[in-house]
Structure formats: structure tokens, C-alpha cells
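Written below as C-alpha cells is the structure these notes are about.
The values are calculated or read from the model by the stated rules, or taken from the named source; none is laboratory data. Quick caveat, the model's predicted, so the values are computed rather than measured. Note that each Cβ is placed from the backbone with ideal geometry, even for glycine, and that neighbours are counted across all protein chains shown. For the accessible areas, the whole protein counts, side chains as well, though only heavy atoms, and no ligand, DNA or RNA atoms are used. Shrake-Rupley method; radii C 1.70, N 1.55, O 1.52, S 1.80 Å.
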Amino acid sequence: MGKIWFYMISIGIVGSIITNNLGELNKVILNEASRGVEFAISLAGVMALWMGIMNIARDSGLIDMIGQKMDFILKRLFPKIPKNHKAMSYIIMNIILNMLGAGNGATSFGLKAMEELQTLNKQKDRASNEMIMFLVINI
């Protein structure tokens, strides 16, 4: 993938030199770089907001209450996750945020869930059935 980006950027630079548009290329690069920084800051803000809300919900016991309601379904989807394992808590928070439409906020909990699922995985070089099921649910 890195080679593809290298060739695309190289062709763009060579093309702008040939067509004598190097100044325009510099403007585009600076403009897009500033847009990237703005996007990263706004994304970090949204993720911080939702992570804060969900951590408060977890500390207050709301996540556990919701987890008890979802336990019937989640135990059938993830049969090898032990009761009260941290992975299940992160899975529940990820599902809740996705249902609320906060996919950017759900991403961090999905990554934490995958990390916890990896601790349960006996074959570290392959994804477990629970990891695959969680990925399919998120897709």
C-alpha cells in the first residue's frame, strides 16, 4: 500500500512540474494538510465525549444493567467469553454506541474489546471465533 501512495504522489509531483503547476500543488498540499488536522481534532473531541459518557455509564452500573438484559443474546454469540470478563463490557459499550449512531466513539471500545478478546485467544496468530463474530457484528 505504501508503494501505491508513493507512486501516486510521485506522478502528481512530476505531472505538476511538467504542466508548470507546482505552485498550485503546494496550495493543495497545505490546504489538505490543514483539513486533516481539523478533522483529527474534531474526531478526538467526539471520541473523548463518548468515551467519557460511556465510562460514567460503566462506573454507575448502567452498562452492567444493559449487559444483563443483553446477556441472553451475547452468551449465544460469544460462548467462550467468561462471565464478567472485561471483553464483554467493551463489546456492550461498542454495540450501544453503534446503536446510538456514534460510530467514531464506538471505535475505541471496539479496539479495546479486540485487545481483551486476544488475551482469551489460544492461537495468537489467528483470530478466534469470538473475534470474528465481533468483527461481523460491527460490519
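Tabulated data
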| quantity | calculated |
| --- | --- |
| Dipole of region 1-124, positive direction: furthest Cα of 40, 103, 12, with charges on the beta-carbon | 103 |
| Separation between Cα centres of region 9-48 and region 73-139, rounded to whole Å | 35 Å |
| Additional length obtainable on full extension of the chain from residue 73 to residue 25, 0.36 nm per residue less Cα span | 11.9 nm |
| Residue-span extension gain [residue 133 to residue 3] - 0.36 nm each, minus C-alpha spacing | 43.6 nm |
| Volume per residue that the Cα convex hull of region 1-46 spans, once the total is divided by residue count, Å³ | 62 Å³ |
| Tally of Lys pairs whose C-alpha atoms are under 27 Å apart, taken over the chain, 8 or more apart or cross-chain | 21 |
| Residues of the chain: accessible area per residue with a 1.4 Å probe, Å² | 71 Å² |
| Within the accessible area of the chain (1.4 Å probe), percent carbon and sulfur | 67 percent |
| Rg/Rg_globular for the chain, with Rg_globular taken as 2.2 N^0.38 Å and Rg from C-alpha atoms | 1.49 |
